[in-house]
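A quick write-up on the structure given underneath.
The values are calculated or read from the model by the stated rules, or taken from the named source; none is laboratory data. For clarity, every value in this text was computed on a predicted model and none was experimentally measured. Because the Cβ atoms are built from the backbone with ideal geometry, glycine has one as well, and the counts that use them run over all protein chains shown.
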Amino acid sequence: MSSEKAALLTYNTNREYFDSVYERNKFYRGLFGYRQTVKKNGKTYEYEKEGLMDKVPNTRIDDSVFIFAKTYTGKVEEYFQKWENKVSHHIFTVLVKEKHILDKIKQEDNYDRQQR
């Protein structure tokens, strides 16, 4: 069975470090994206804003734990450095043997490269 290198991200937010609920939500919206519904002139408009994890091929392992394509380590590190005073994080290089995880990371990574 073959294995490939990937990156494992784990992070921890501490509510006391955030100045407000708004600021904490800003972190999560930047990480996971969000949907917004606006009603104007009797019409309803929906907007969807992508977050970092929408742009990075990943698999969620558990709360606050993700495996993603190693080529995106810099992009993930850059996002978390912006929040370094509020959120602790660690990124590890791991060997992944599970085919379903490798397939998901590769499939999305290849799709992302085609879009560039």
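Here are the numbers for this structure:
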| read-out | value |
| --- | --- |
| Within segment 1-85, strands (runs of 3 or more DSSP E) holding 2 or more residues that are surrounded by 13 or more Cβ atoms within 10 Å (Cβ to Cβ) | 4-13, 58-62, 65-68 |
| Segment 86-116 - residue that is part of a loop (DSSP other than H, G, I, E, B) and at pLDDT below 95 and, of those, farthest from Thr10 (Cα to Cα) | Arg116 |
| Matching residues in segment 62-107 - criterion: being under 12 Å from the mean Cα position of the chain (by Cα) and touching a residue at least 24 places away in the same chain (Cβ under 8 Å) | Ser64, Val65, Phe66, Ile67, Phe68, Ala69, Tyr72, Thr73, Val76, Tyr79, Phe80 |
| Residue match in segment 39-57 (condition: in contact (Cβ under 8 Å) with a residue 40 or more places away in the chain and more than 10 Å from the chain's Cα centre (by Cα)) | no |
